[in-house]
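So the structure is just underneath, and the comments pick up after that.
The values are calculated or read from the model by the stated rules, or taken from the named source; none is laboratory data. Here the structure is a predicted model, which is why all the values come from computation and not from measurement. Reconstructed Cβ throughout: ideal geometry from the backbone, glycine too, with neighbour counts over all protein chains shown.
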Amino acid sequence: MTREKTIQKELWLLRHAKSDRHAKGKDINRPLKKRGIRDATNMGIWLKNQKLLPDVILCSPAKRAFDTANLVFNANKAENENDAMIVLNEALYDSDLDTLKHILSGYEETVHKIVLVGHNPELELFLRSLLGQGALPENEKLFPTCALFRLSLTTRWRELSAQQATLISVTYPKMLLD
C-alpha cells in the first residue's frame, strides 16, 4: 500500500508598507513614508526574531514594494543567514488571480516558502480566493499596508486553486510597536 506524502508549503502575502500617495511622478516610483520605513523595519526584526525565513521572495517592481521587501528581508539579515534573494516580477505590479497562480506554478516542489510582496486589491482578492468565501471577515481594513498573512498549503505550486489554504497567522504592523 502506497501512502501519498502530504505536501506542506507556505505562501506569505506581504502588502507594501505605507507609501507617499502625493509624491510627484509615476505611481510605480512612489516612495515609502517614514511610517512605512518604520513598519517594514519592525516587520523584518520580528521575522528574524521568530526565525521565519522564506525560500523565495517575489516582488512587484514598484519602488514602494521593493523598498518594503528590502527592509523586511535584507536590512536585518546576518551574513549567509538566508539565501533568498528578492526577485522582481513585472506581473506583480498589476496582476489578477490567474496571474498570481501562474507565477507560483513555475516553482519546483523543493521550494517550500514563497513570499509575494505586492499591492491591494490583488493580494486581498488572492487571499480570499485561497481561503474561501467566509473564511475572513468582510473588513475594508483586512489587509493594511505592511500586513503579513502566512498561509499553509497542502498542494503543489502548479496545482494551486481556490480554497486550498489554511491561515497560519496574520501580523499587522501595529502589533509590533513597542
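Okay, here's what the table says:
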read-out	value
Which listed residue is among the charged types (D, E, K, R), out of contact with any Phe, Trp or Tyr (no Cβ under 8 Å at 6 or more places or on another chain) and at pLDDT below 95, from ASP39, ASP83	ASP83
Residues of region 160-178 classified as assigned to a helix (DSSP H, G or I) and touching a residue at least 40 places away in the same chain (Cβ under 8 Å), total	2
Among the residues listed as PRO137, PRO121, PRO173, PRO61, the single one being loosely packed, with under 13 Cβ neighbours inside 10 Å and within 15 Å of the chain's Cα centre (by Cα)	PRO121
Test: residue in region 118-137 that is in a strand (DSSP E or B), out of contact with any Cys (no Cβ under 8 Å at 6 or more places or on another chain) and not hydroxyl-bearing (Ser, Thr, Tyr)	no
Hey, LEU125 over 21 Å from PRO54 (Cα atoms), modelled with pLDDT under 95 and of a type in the set (A, V, I, L, M, F, W, C) or not	yes
Residue in region 143-159 that is surrounded by the fewest Cβ atoms within 10 Å (Cβ to Cβ), counting only those that are in a loop (DSSP other than H, G, I, E, B) and in contact with a helix residue (DSSP H, G or I) (Cβ under 6 Å, 6 or more places away or on another chain)	PHE143
Residues that are surrounded by 10 or more Cβ atoms within 10 Å (Cβ to Cβ), out of contact with any Phe, Trp or Tyr (no Cβ under 8 Å at 6 or more places or on another chain) and either assigned to a loop (DSSP other than H, G, I, E, B) or not hydroxyl-bearing (Ser, Thr, Tyr) (or both), drawn from region 15-29	HIS16, ALA17, LYS18, ASP20, ALA23, ASP27, ASN29
Per-region count, region 143-163, residues among the aliphatic types (A, V, I, L, M) and touching a Phe, Trp or Tyr at 6+ places or on another chain (Cβ under 9 Å)	3
Those residues of region 1-36 which are over 25 Å from LEU153 (Cβ atoms) and modelled with pLDDT under 95, in sequence order	MET1, ASP20, ARG21, HIS22, ALA23, LYS24, GLY25, LYS26, ASP27
Single unsatisfied condition, SER129 versus (1) of a type in the set (S, T, N, Q); (2) touching a residue at least 40 places away in the same chain (Cβ under 8 Å); (3) under 20 Å from GLY118 (Cα atoms)	(2)
